[in-house]
Amino acid sequence: MHENRCIGIVGCGNMGFALAHRLSLYGFTVLMGSRCPDKYNDLEFEIVSTVECIHRSPMIFVALHPEYYIDSLISHLEHDPSLFEGEILIDLSNKPSDKSHLNDISNAERLQTAIPNAFVVKAFNTISSFAMQSTTAGESSNVFVASDHSIAKDKVITLAREMNFDAFNAGSIRVARHLETDIKSLFPQWRIPIIVTFVVLIVWLAYTLYMNYIRIRTTSWNQLFLHMVNEI
Ligand SMILES: NC(=O)c1ccc[n+]([C@@H]2O[C@H](COP(=O)([O-])OP(=O)(O)OC[C@H]3O[C@@H](n4cnc5c(N)ncnc54)[C@H](OP(=O)(O)O)[C@@H]3O)[C@@H](O)[C@H]2O)c1
């Protein structure tokens with residue numbers, strides 16, 4: 001069991017609320033941080049300003065898109081350089097663009113460089129907000145945890161297991177480069193079988209077209225498509 005079961009979540013979007021539901025289901029107290037806490041009324045979670053959320057929670061999920069990191073997190077360092085001292089920041093983000101390459105620096109590494117006094121841990125980015133909310137979803141429940149800070153990493157692994165996920169130590173923060181891009185590739189090993197299937201299909205269609213219609217001209221051109229579909 002955690003000594004302190006209060007977990008912070010910065011960002012009240014899809015993933016933020018999905019996390020909040022999951023955490024509260026497993027007995028954690030959730031504190032959410034938002035740019036505009038007043039716009040959320042009558043909700044089951046306490047929602048405060050981003051800075052208050054960071055102050056009050058030792059472990060914080062960063063449920064923001066990486067392009068908002070500067071505005072919503074890093075900019076607060078100007079007024080309070082020790083704001084993130086000793087805090088565990090769990091980076092959930094994925095690469096925003098399909099053009100990203102494996103050797104590009106990851107969002108998690110950028111966050112760690114920008115906030116060196118925090119312990120940045122990459123995790124949960126492979127879990128969708130749907131799977132986060134549903135304990136019966138058929139999706140993968142594997143959580144890969146990467147960080148350069150072993151104590152923080154162990155705490156996040158323990159947290160993920162308490163949230164009923166299968167958590168694995170993925171290695172150093174550099175592994176985030178893979179974790180953030182892997183999610184973007186849909187069935188990467190399927191590429192060659194899909195190409196081969198389409199080539200075979202096209203050859204077979206061309207052969208059928210030639211044998212049944214071009215060579216012996218059994219049908220008129222305006223009924224060609226209909227006959228082909230029936231044949232198939
Ligand atoms: N959705 C998923 O299934 C999923 C799965 C895995 C990982 N993730 C990752 O989780 C992170 C959040 O994703 P999401 O789907 O929850 O995104 P989202 O629904 O768009 O929510 C993002 C939140 O960011 C906050 N924010 C802070 N600064 C902002 C700004 N300048 N403009 C707009 N919003 C700003 C907003 O909350 P406030 O208004 O309260 O400040 C907003 O609700 C992303 O990094 C994403 O890659 C998402």
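Selection within segment 33-72: residues that are near the ligand (Cβ under 8 Å from one of its atoms) and under 21 Å from GLY86 (Cβ atoms). The member of this set that is surrounded by the fewest Cβ atoms within 10 Å (Cβ to Cβ) is SER72. Residues in segment 155-171 that are surrounded by 15 or more Cβ atoms within 10 Å (Cβ to Cβ) and out of contact with any helix residue (DSSP H, G or I) (no Cβ under 8 Å at 6 or more places or on another chain): how many? Within segment 155-171, residues that are surrounded by 15 or more Cβ atoms within 10 Å (Cβ to Cβ) and out of contact with any helix residue (DSSP H, G or I) (no Cβ under 8 Å at 6 or more places or on another chain) number 8. Out of ILE90, ILE151, ILE105, one residue alone is over 18 Å from the mean Cα position of the chain (by Cα) and either buried (at least 16 other Cβ atoms within 10 Å of the Cβ) or among the hydrophobic types (A, V, I, L, M, F, W, C) (or both). It is ILE151. I'd like to check something: does segment 184-200 contain any residue that is of a type outside the set (Gly, Ala, Ser), open to solvent by less than 90 Å² (accessible area, probe 1.4 Å) and in contact (Cβ under 8 Å) with a residue 40 or more places away in the chain? No - not one qualifying residue is present in segment 184-200. Of all the criteria given as (1) within 22 Å of the chain's Cα centre (by Cα); (2) modelled with pLDDT under 95, the one not satisfied by LYS122 is (2). Of the numbered criteria (1) modelled with pLDDT under 95; (2) in a strand (DSSP E or B), the one ASN164 fails is (2). The single residue among MET15, MET32 that is in contact with a Phe, Trp or Tyr (Cβ under 7 Å, 6 or more places away or on another chain), modelled with pLDDT of 95 or more and under 26 Å from ASN164 (Cβ atoms) turns out to be MET32.
Residues being away from the ligand (no atom under 13 Å from the Cβ) and closer than 17 Å to PHE165 by Cα: count how many of those fall in segment 18-29.
Taking segment 18-29 first, the residues away from the ligand (no atom under 13 Å from the Cβ) are 23-29.
From what is left, the residues that are closer than 17 Å to PHE165 by Cα are 23-28.
Counting residues in segment 18-29 that are away from the ligand (no atom under 13 Å from the Cβ) and closer than 17 Å to PHE165 by Cα gives 6.
Which residue is nearest to the ligand (Cβ to nearest atom), if the candidates are limited to segment 73-87 and must be in contact with a strand residue (DSSP E or B) (Cβ under 9 Å, 6 or more places away or on another chain) and open to solvent by less than 20 Å² (accessible area, probe 1.4 Å)? Step through it out loud before you land on a result.
Filtering segment 73-87 down to residues in contact with a strand residue (DSSP E or B) (Cβ under 9 Å, 6 or more places away or on another chain) leaves 73, 84, 86-87.
Then drop every residue that is not open to solvent by less than 20 Å² (accessible area, probe 1.4 Å), which leaves 73, 84, 87.
Numbers: LEU73: 9, PHE84: 17, GLU87: 18 Å.
Among those residues, the one meeting the criterion is LEU73.
Looking only at residues of segment 215-232 that are open to solvent by 100 Å² or more (accessible area, probe 1.4 Å) and either modelled with pLDDT under 70 or of a type outside the set (A, V, I, L, M) (or both), we find that the one that is farthest from LEU205 (Cα to Cα) is ASN222. From the list GLY27, GLY8, GLY16, GLY33, the lone residue that is farther than 22 Å from HIS149 by Cα and either in a strand (DSSP E or B) or basic (Lys, Arg) (or both) is GLY33.
The values are calculated or read from the model by the stated rules, or taken from the named source; none is laboratory data. Since we're looking at a predicted model, the values are computed, not measured. Neighbour counts run over all protein chains shown; Cβ positions are idealised from the backbone, glycine included. Surface accessibility is based on the protein's heavy atoms, side chains included, excluding ligands, DNA and RNA. Shrake-Rupley method; radii C 1.70, N 1.55, O 1.52, S 1.80 Å.
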